[in-house]
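Notes for the one structure printed next.
The values are calculated or read from the model by the stated rules, or taken from the named source; none is laboratory data. Only a predicted model underlies this, so the values are computations on that prediction, with no experimental measurement involved. Cβ sites come from the backbone with ideal geometry, for glycine too, and all protein chains shown count toward neighbours.
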Amino acid sequence: MSALPKSAVSDALAAPQALVQVTDLTMRFGGLTALDKLNMHIGDGEVVGLLGPNGSGKTTFFNVLTGLYKASSGSIIYNNTEVIGQTPQEIYRSGVARTFQRSRLSLPLTVFDNIVIGDYQHMNQGLLFNLFQRKAFRAEYDSYVAKVEALLNIFSPPLVARMFEPVETFTMIDRRRIEVCRALLSRPRLLLLDEPSAGMTHDETEALMDDILQVRGKLENLSIVLIEHEMNVIERITDRCIVLNYGKKIAEGTYAEITADPNVQTAYLGEAE
Ligand SMILES: Nc1ncnc2c1ncn2[C@@H]1O[C@H](COP(=O)(O)OP(=O)(O)OP(=O)(O)O)[C@@H](O)[C@H]1O
(Lines give C-alpha, C1' and ligand atoms only; values in the text may rest on other atoms or scores of the structure.)
Protein backbone atom coordinates (compact mmCIF):
# COMPACT_ATOMS: atom_id res chain seq x y z
CA MET A 1 0.00 0.00 0.00
CA SER A 2 1.43 3.43 -0.92
CA ALA A 3 1.78 5.77 2.06
CA LEU A 4 -0.06 9.09 1.89
CA PRO A 5 2.05 12.21 2.51
CA LYS A 6 1.89 13.58 6.07
CA SER A 7 0.05 16.77 5.07
CA ALA A 8 -2.67 14.75 3.30
CA VAL A 9 -3.13 12.51 6.32
CA SER A 10 -3.40 15.42 8.76
CA ASP A 11 -5.84 17.22 6.46
CA ALA A 12 -8.06 14.13 6.17
CA LEU A 13 -7.98 13.63 9.95
CA ALA A 14 -8.93 17.26 10.49
CA ALA A 15 -12.01 16.85 8.30
CA PRO A 16 -13.35 13.30 8.35
CA GLN A 17 -16.65 14.30 6.72
CA ALA A 18 -15.63 17.17 4.50
CA LEU A 19 -17.81 18.04 1.51
CA VAL A 20 -14.62 18.36 -0.53
CA GLN A 21 -11.36 16.55 0.17
CA VAL A 22 -8.41 17.50 -2.01
CA THR A 23 -5.40 15.18 -1.93
CA ASP A 24 -2.05 15.82 -3.59
CA LEU A 25 -3.67 17.83 -6.36
CA THR A 26 -1.16 18.78 -9.04
CA MET A 27 -1.78 20.76 -12.23
CA ARG A 28 1.03 21.33 -14.71
CA PHE A 29 0.98 23.52 -17.78
CA GLY A 30 4.05 22.32 -19.66
CA GLY A 31 6.95 23.13 -17.37
CA LEU A 32 4.88 25.29 -15.03
CA THR A 33 3.38 23.73 -11.91
CA ALA A 34 0.29 25.79 -11.10
CA LEU A 35 -0.91 23.46 -8.29
CA ASP A 36 1.72 21.50 -6.44
CA LYS A 37 0.53 18.55 -4.33
CA LEU A 38 -2.25 20.58 -2.77
CA ASN A 39 -4.07 19.11 0.24
CA MET A 40 -7.12 20.83 1.65
CA HIS A 41 -10.75 20.32 2.58
CA ILE A 42 -14.00 22.27 2.54
CA GLY A 43 -16.56 21.48 5.20
CA ASP A 44 -20.34 21.39 4.89
CA GLY A 45 -21.75 24.89 5.22
CA GLU A 46 -18.30 26.42 5.56
CA VAL A 47 -17.13 29.68 3.96
CA VAL A 48 -13.48 29.28 2.99
CA GLY A 49 -11.31 32.13 1.71
CA LEU A 50 -8.73 31.15 -0.91
CA LEU A 51 -5.91 33.66 -0.87
CA GLY A 52 -2.51 34.13 -2.39
CA PRO A 53 -0.47 36.47 -4.56
CA ASN A 54 -1.17 36.77 -8.31
CA GLY A 55 -0.45 33.55 -10.15
CA SER A 56 -0.46 31.39 -7.02
CA GLY A 57 -2.99 28.90 -8.47
CA LYS A 58 -6.35 30.02 -7.03
CA THR A 59 -8.31 30.20 -10.29
CA THR A 60 -6.58 27.06 -11.54
CA PHE A 61 -7.99 25.29 -8.49
CA PHE A 62 -11.52 26.43 -9.43
CA ASN A 63 -10.93 25.35 -13.03
CA VAL A 64 -9.85 21.86 -11.96
CA LEU A 65 -12.67 21.54 -9.42
CA THR A 66 -15.27 22.49 -12.05
CA GLY A 67 -13.82 20.18 -14.72
CA LEU A 68 -12.49 22.85 -17.09
CA TYR A 69 -8.94 21.54 -16.60
CA LYS A 70 -8.01 17.93 -15.97
CA ALA A 71 -5.54 17.64 -13.09
CA SER A 72 -2.12 16.15 -13.86
CA SER A 73 -2.41 14.02 -10.71
CA GLY A 74 -4.09 13.84 -7.32
CA SER A 75 -7.70 13.61 -6.28
CA ILE A 76 -10.72 15.75 -5.43
CA ILE A 77 -13.47 13.88 -3.64
CA TYR A 78 -16.69 15.91 -3.64
CA ASN A 79 -19.69 14.47 -1.82
CA ASN A 80 -18.00 11.04 -1.73
CA THR A 81 -17.31 10.96 -5.49
CA GLU A 82 -14.11 11.58 -7.47
CA VAL A 83 -14.43 14.77 -9.50
CA ILE A 84 -11.37 14.36 -11.72
CA GLY A 85 -12.39 12.82 -15.01
CA GLN A 86 -15.96 14.15 -14.84
CA THR A 87 -17.19 16.70 -17.40
CA PRO A 88 -18.05 20.28 -16.30
CA GLN A 89 -21.73 19.45 -16.91
CA GLU A 90 -21.60 16.40 -14.64
CA ILE A 91 -19.88 18.40 -11.92
CA TYR A 92 -22.42 21.24 -12.24
CA ARG A 93 -25.29 18.78 -12.01
CA SER A 94 -23.77 17.30 -8.87
CA GLY A 95 -24.08 20.69 -7.18
CA VAL A 96 -20.93 22.72 -7.85
CA ALA A 97 -21.55 26.21 -9.27
CA ARG A 98 -19.25 29.16 -9.83
CA THR A 99 -18.85 32.75 -10.90
CA PHE A 100 -15.94 34.00 -13.00
CA GLN A 101 -13.40 36.76 -12.47
CA ARG A 102 -14.57 38.55 -15.61
CA SER A 103 -18.28 39.09 -16.10
CA ARG A 104 -19.93 36.51 -18.32
CA LEU A 105 -23.31 38.17 -18.71
CA SER A 106 -24.91 38.79 -22.06
CA LEU A 107 -25.71 42.50 -21.77
CA PRO A 108 -28.57 42.77 -24.31
CA LEU A 109 -30.42 39.83 -22.70
CA THR A 110 -32.75 40.24 -19.74
CA VAL A 111 -31.98 39.36 -16.12
CA PHE A 112 -34.25 36.32 -16.47
CA ASP A 113 -32.54 35.07 -19.63
CA ASN A 114 -29.08 35.51 -18.13
CA ILE A 115 -29.98 33.58 -15.01
CA VAL A 116 -31.75 30.76 -16.83
CA ILE A 117 -28.94 30.31 -19.38
CA GLY A 118 -26.89 28.83 -16.56
CA ASP A 119 -29.34 25.97 -16.24
CA TYR A 120 -30.04 25.38 -19.92
CA GLN A 121 -29.03 21.72 -19.82
CA HIS A 122 -31.98 21.03 -17.56
CA MET A 123 -34.48 22.59 -19.97
CA ASN A 124 -36.34 20.67 -22.60
CA GLN A 125 -34.88 22.31 -25.70
CA GLY A 126 -36.20 20.04 -28.46
CA LEU A 127 -37.74 21.91 -31.39
CA LEU A 128 -40.67 19.49 -31.57
CA PHE A 129 -41.31 19.95 -27.85
CA ASN A 130 -41.31 23.73 -28.21
CA LEU A 131 -43.46 23.77 -31.38
CA PHE A 132 -46.02 21.10 -30.69
CA GLN A 133 -46.28 20.92 -26.92
CA ARG A 134 -47.03 24.55 -26.27
CA LYS A 135 -48.77 23.84 -22.98
CA ALA A 136 -45.87 21.83 -21.59
CA PHE A 137 -43.42 24.45 -22.88
CA ARG A 138 -45.42 27.21 -21.19
CA ALA A 139 -45.53 25.23 -17.92
CA GLU A 140 -41.76 24.74 -18.02
CA TYR A 141 -41.22 28.43 -18.76
CA ASP A 142 -43.54 29.45 -15.93
CA SER A 143 -41.73 27.16 -13.50
CA TYR A 144 -38.45 28.87 -14.43
CA VAL A 145 -40.02 32.30 -13.91
CA ALA A 146 -41.15 31.16 -10.44
CA LYS A 147 -37.69 29.74 -9.64
CA VAL A 148 -35.88 32.92 -10.72
CA GLU A 149 -38.36 35.08 -8.84
CA ALA A 150 -37.88 33.04 -5.66
CA LEU A 151 -34.12 33.29 -5.97
CA LEU A 152 -34.13 37.04 -6.60
CA ASN A 153 -36.44 37.42 -3.62
CA ILE A 154 -33.86 35.71 -1.42
CA PHE A 155 -30.87 37.46 -2.91
CA SER A 156 -32.03 40.90 -3.93
CA PRO A 157 -35.81 41.59 -3.87
CA PRO A 158 -35.61 44.92 -5.80
CA LEU A 159 -34.40 42.96 -8.85
CA VAL A 160 -37.70 41.04 -9.09
CA ALA A 161 -39.57 43.98 -10.58
CA ARG A 162 -36.85 44.43 -13.21
CA MET A 163 -36.52 40.76 -14.14
CA PHE A 164 -37.36 41.32 -17.81
CA GLU A 165 -35.10 44.35 -18.37
CA PRO A 166 -31.81 43.99 -20.24
CA VAL A 167 -28.75 43.55 -18.07
CA GLU A 168 -26.98 46.49 -19.79
CA THR A 169 -29.29 48.88 -17.88
CA PHE A 170 -28.03 47.65 -14.48
CA THR A 171 -25.22 48.93 -12.25
CA MET A 172 -22.07 46.89 -11.66
CA ILE A 173 -23.24 45.62 -8.26
CA ASP A 174 -26.58 44.46 -9.68
CA ARG A 175 -24.76 42.69 -12.52
CA ARG A 176 -22.65 40.87 -9.93
CA ARG A 177 -25.82 39.96 -8.03
CA ILE A 178 -27.29 38.55 -11.25
CA GLU A 179 -24.17 36.45 -11.78
CA VAL A 180 -24.38 35.05 -8.25
CA CYS A 181 -28.09 34.29 -8.77
CA ARG A 182 -27.25 32.45 -12.00
CA ALA A 183 -24.79 30.31 -10.05
CA LEU A 184 -27.40 29.69 -7.35
CA LEU A 185 -30.22 28.67 -9.74
CA SER A 186 -29.22 25.01 -9.60
CA ARG A 187 -29.31 25.21 -5.76
CA PRO A 188 -25.67 24.11 -5.47
CA ARG A 189 -24.08 22.64 -2.36
CA LEU A 190 -20.81 24.32 -3.23
CA LEU A 191 -20.54 27.86 -4.59
CA LEU A 192 -17.21 29.08 -5.94
CA LEU A 193 -16.86 32.87 -6.15
CA ASP A 194 -13.88 34.18 -8.10
CA GLU A 195 -13.12 37.73 -6.91
CA PRO A 196 -16.68 38.97 -6.60
CA SER A 197 -15.50 42.44 -5.54
CA ALA A 198 -13.49 43.06 -8.75
CA GLY A 199 -14.38 46.38 -10.35
CA MET A 200 -16.64 47.51 -7.51
CA THR A 201 -16.36 50.32 -4.98
CA HIS A 202 -15.84 49.65 -1.28
CA ASP A 203 -19.51 50.35 -0.50
CA GLU A 204 -20.74 48.13 -3.34
CA THR A 205 -18.50 45.33 -2.12
CA GLU A 206 -19.88 45.69 1.41
CA ALA A 207 -23.45 45.52 0.09
CA LEU A 208 -22.72 42.45 -2.04
CA MET A 209 -21.15 40.70 0.95
CA ASP A 210 -24.28 41.49 3.01
CA ASP A 211 -26.32 39.75 0.31
CA ILE A 212 -24.00 36.74 0.23
CA LEU A 213 -24.13 36.40 4.02
CA GLN A 214 -27.91 36.63 3.84
CA VAL A 215 -28.08 33.89 1.23
CA ARG A 216 -25.80 31.73 3.29
CA GLY A 217 -28.23 32.06 6.19
CA LYS A 218 -31.20 31.07 4.02
CA LEU A 219 -29.74 28.26 1.89
CA GLU A 220 -29.02 25.49 4.32
CA ASN A 221 -25.63 23.78 4.15
CA LEU A 222 -24.32 25.87 1.27
CA SER A 223 -20.52 25.81 1.30
CA ILE A 224 -18.72 28.75 -0.30
CA VAL A 225 -15.14 29.12 -1.48
CA LEU A 226 -14.19 32.71 -2.13
CA ILE A 227 -11.15 33.97 -4.02
CA GLU A 228 -10.68 37.54 -2.93
CA HIS A 229 -7.95 40.16 -2.69
CA GLU A 230 -9.95 42.53 -0.48
CA MET A 231 -8.78 41.59 3.00
CA ASN A 232 -11.72 43.22 4.77
CA VAL A 233 -14.07 41.03 2.76
CA ILE A 234 -12.11 37.93 3.71
CA GLU A 235 -12.09 38.94 7.37
CA ARG A 236 -15.81 39.59 7.40
CA ILE A 237 -17.24 36.56 5.69
CA THR A 238 -14.88 33.60 5.95
CA ASP A 239 -14.79 30.88 8.62
CA ARG A 240 -11.36 29.71 7.52
CA CYS A 241 -8.69 30.77 5.06
CA ILE A 242 -6.21 28.86 2.92
CA VAL A 243 -3.23 30.70 1.46
CA LEU A 244 -1.48 29.50 -1.70
CA ASN A 245 1.88 30.48 -3.08
CA TYR A 246 3.35 28.94 -6.23
CA GLY A 247 0.56 26.35 -6.13
CA LYS A 248 1.38 25.14 -2.61
CA LYS A 249 -0.63 25.70 0.57
CA ILE A 250 1.54 27.89 2.79
CA ALA A 251 -0.93 28.68 5.57
CA GLU A 252 -4.39 27.79 6.83
CA GLY A 253 -6.53 29.08 9.68
CA THR A 254 -8.77 31.94 10.71
CA TYR A 255 -8.23 35.37 9.17
CA ALA A 256 -6.38 36.46 12.34
CA GLU A 257 -4.13 33.40 12.20
CA ILE A 258 -3.17 33.64 8.54
CA THR A 259 -2.50 37.39 8.62
CA ALA A 260 -0.16 36.88 11.58
CA ASP A 261 1.68 34.07 9.78
CA PRO A 262 5.22 35.08 8.74
CA ASN A 263 5.04 32.82 5.64
CA VAL A 264 2.00 34.73 4.41
CA GLN A 265 3.59 38.10 5.12
CA THR A 266 6.70 37.09 3.18
CA ALA A 267 4.64 35.80 0.23
CA TYR A 268 2.74 39.09 -0.08
CA LEU A 269 5.69 41.39 0.63
CA GLY A 270 7.84 39.40 -1.76
CA GLU A 271 5.26 40.04 -4.43
CA ALA A 272 5.34 43.82 -3.84
CA GLU A 273 9.09 44.08 -4.36
N1 LIG B 1 -4.40 27.61 -19.28
C2 LIG B 1 -3.19 27.91 -18.83
N3 LIG B 1 -2.08 27.67 -19.55
C4 LIG B 1 -0.86 27.95 -19.08
N5 LIG B 1 -0.59 28.48 -17.88
C6 LIG B 1 -1.66 28.74 -17.10
C7 LIG B 1 -3.01 28.48 -17.52
N8 LIG B 1 -3.86 28.85 -16.52
C9 LIG B 1 -3.08 29.32 -15.52
N10 LIG B 1 -1.78 29.26 -15.87
C11 LIG B 1 -0.64 29.67 -15.04
O12 LIG B 1 -0.79 29.02 -13.79
C13 LIG B 1 -0.37 29.89 -12.74
C14 LIG B 1 -1.51 30.06 -11.76
O15 LIG B 1 -2.49 30.86 -12.38
P16 LIG B 1 -3.89 31.21 -11.70
O17 LIG B 1 -4.69 31.99 -12.69
O18 LIG B 1 -4.47 29.98 -11.16
O19 LIG B 1 -3.42 32.14 -10.50
P20 LIG B 1 -4.32 33.01 -9.49
O21 LIG B 1 -3.80 32.73 -8.13
O22 LIG B 1 -5.74 32.78 -9.75
O23 LIG B 1 -3.89 34.48 -9.92
P24 LIG B 1 -4.74 35.87 -9.93
O25 LIG B 1 -4.92 36.27 -8.50
O26 LIG B 1 -3.85 36.80 -10.69
O27 LIG B 1 -6.03 35.58 -10.64
C28 LIG B 1 0.09 31.19 -13.39
O29 LIG B 1 1.47 31.16 -13.55
C30 LIG B 1 -0.63 31.15 -14.73
O31 LIG B 1 0.08 31.88 -15.70
**Request:** Just give me the residues in region 70-79 being farther than 22 Å from Gly43 by Cβ and either near the ligand (Cβ under 7 Å from one of its atoms) or outside any loop (DSSP other than H, G, I, E, B) (or both), in sequence order.
**Result:** Ser73
**Message:** Name the single residue that is nearest to Ile42 (Cα to Cα) among those in region 80-100 being loosely packed, with under 15 Cβ neighbours inside 10 Å and polar (S, T, N, Q).
**Reply:** Asn80
**Request:** Take Pro53 and decide whether it is in contact (Cβ under 8 Å) with a residue 12 or more places away in the chain and near the ligand (Cβ under 9 Å from one of its atoms).
**Result:** yes
**Message:** Exactly one of these conditions fails for Ile154: (1) modelled with pLDDT of 90 or more; (2) of a type in the set (A, V, I, L, M); (3) part of a helix (DSSP H, G or I); (4) within 26 Å of Asn232 (Cα to Cα). Give me its number.
**Reply:** (1)
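Here's a check for you: in region 200-247, which residue that is polar (S, T, N, Q) and crowded, with 17+ Cβ neighbours inside 10 Å is farthest from the ligand (Cβ to nearest atom)?
Here is the first cut: in region 200-247, the residues polar (S, T, N, Q) are 201, 205, 214, 221, 223, 232, 238, 245.
Subsequent filtering for residues that are crowded, with 17+ Cβ neighbours inside 10 Å retains 205, 223, 238, 245.
Working: Thr205: 16, Ser223: 20, Thr238: 16, Asn245: 9 Å.
Ranking the candidates gives Ser223 first.
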**Prompt:** Restricting attention to region 210-235, which residues are over 15 Å from the mean Cα position of the chain (by Cα) and modelled with pLDDT of 90 or more?
**Reply:** Glu235
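Of these, Ala272, Ala260, which one is at pLDDT 90 or above and more than 23 Å from Val64 (Cα to Cα)?
Values: Ala272 fails: at pLDDT 90 or above.
After applying the criteria, what remains is Ala260.
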**Message:** Looking for something among the polar types (S, T, N, Q) and within 17 Å of the chain's Cα centre (by Cα) - is there at least one such residue anywhere in region 243-254?
**Reply:** no
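Listed residues Val48, Val83; which is under 18 Å from Pro188 (Cβ atoms), within 16 Å of the ligand (Cβ to nearest atom) and either at pLDDT 95 or above or aromatic (Phe, Trp, Tyr) (or both)? Reasoning before the result, please.
Working: Val83 fails: within 16 Å of the ligand (Cβ to nearest atom).
When all the criteria are applied, what remains is Val48.
State whether the residues of region 29-40 include one that is surrounded by 22 or more Cβ atoms within 10 Å (Cβ to Cβ), within 15 Å of Leu244 (Cβ to Cβ) and away from the ligand (no atom under 15 Å from the Cβ).
Within region 29-40, the subset surrounded by 22 or more Cβ atoms within 10 Å (Cβ to Cβ) is 34-35, 38-40.
Pick out the ones that are also within 15 Å of Leu244 (Cβ to Cβ) and you get 34-35, 38-40.
Checking the rest, the ones that are also away from the ligand (no atom under 15 Å from the Cβ) come to 39.
Yes, because at least one residue in region 29-40 is surrounded by 22 or more Cβ atoms within 10 Å (Cβ to Cβ), within 15 Å of Leu244 (Cβ to Cβ) and away from the ligand (no atom under 15 Å from the Cβ).
Given the condition surrounded by 22 or more Cβ atoms within 10 Å (Cβ to Cβ), touching a residue at least 24 places away in the same chain (Cβ under 8 Å) and closer than 21 Å to Thr238 by Cα, answer yes or no: does some residue in region 64-72 qualify? Break it down into steps so the answer makes sense when it comes.
Applying the first criterion (surrounded by 22 or more Cβ atoms within 10 Å (Cβ to Cβ)) to region 64-72 yields 64-65, 71.
Now narrow it down to the ones that are touching a residue at least 24 places away in the same chain (Cβ under 8 Å): 64-65, 71.
Next, from what is left, pick out any that are closer than 21 Å to Thr238 by Cα: 65.
Taking every residue of region 64-72 in turn, at least one turns out to be surrounded by 22 or more Cβ atoms within 10 Å (Cβ to Cβ), touching a residue at least 24 places away in the same chain (Cβ under 8 Å) and closer than 21 Å to Thr238 by Cα.
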